[in-house]
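First the structure, in the form of structure tokens, and then the observations on it.
The values are calculated or read from the model by the stated rules, or taken from the named source; none is laboratory data. What you see is a predicted model; the values in this text were computed from it and never measured. Ideal geometry is used to build each Cβ from the backbone, glycine not excepted, and the neighbour counts take in all protein chains shown. Each accessible area value is taken on the protein alone, full model and side chains, heavy atoms only, with ligands, DNA and RNA left out. Shrake-Rupley method; radii C 1.70, N 1.55, O 1.52, S 1.80 Å.
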Amino acid sequence: MIRKLTENDRELYIEMAREFYHSDAVLHPVPDAFFERTVQEALRSDAYAEIYLFELDGRPAGYGLTAKTFSQEAGGMVLWIEEIYIREAFRSRGLGRDFFAYLEETQGPGLARFRLEVEEGNRGAVSLYKRLGYQVLDYVQMIKDF
């Protein structure tokens, strides 16, 4: 099952976000305060960020985090698939594929593009994304943190 985060899920989400940010799927961990900010934004409004929880057999299996932006290059609104985390015991059971189908059905209409980034060494995720029709976008990403 895929469902939106509620206030009651705050600690569960933070626990899973910690797991994700201490895995090989990311380049470096982030401070716990960032998880709290993300929860606050997702609970405040769905204008910028949404968190979805994945459950399988009644157990918490992972989460997905999305963010919205406008892109001139894409010609409209873009849904960034910021994070997908599936706990190891639940991997290779279709949850990732189900999440993408859910997003296409519920968010896709009216959007110009779905966009995501993936750490190159995360072969399972890269393979899934390619099977779902995602293509590599040859940009060098640059950031400046404040």
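Data overview
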{"quantity": "Flag for Val126 being within 13 Å of the chain's Cα centre (by Cα) and not in a strand (DSSP E or B)", "calculated": "no"}
{"quantity": "Cross-chain or 6+ apart pairs with Cβ under 6 Å, segment 93-118 first and farther than 18 Å from Arg131 by Cα, then open to solvent by less than 60 Å² (accessible area, probe 1.4 Å) and among the aliphatic types (A, V, I, L, M)", "calculated": "Gln107/Leu79; Leu111/Leu79; Ala112/Ala74"}
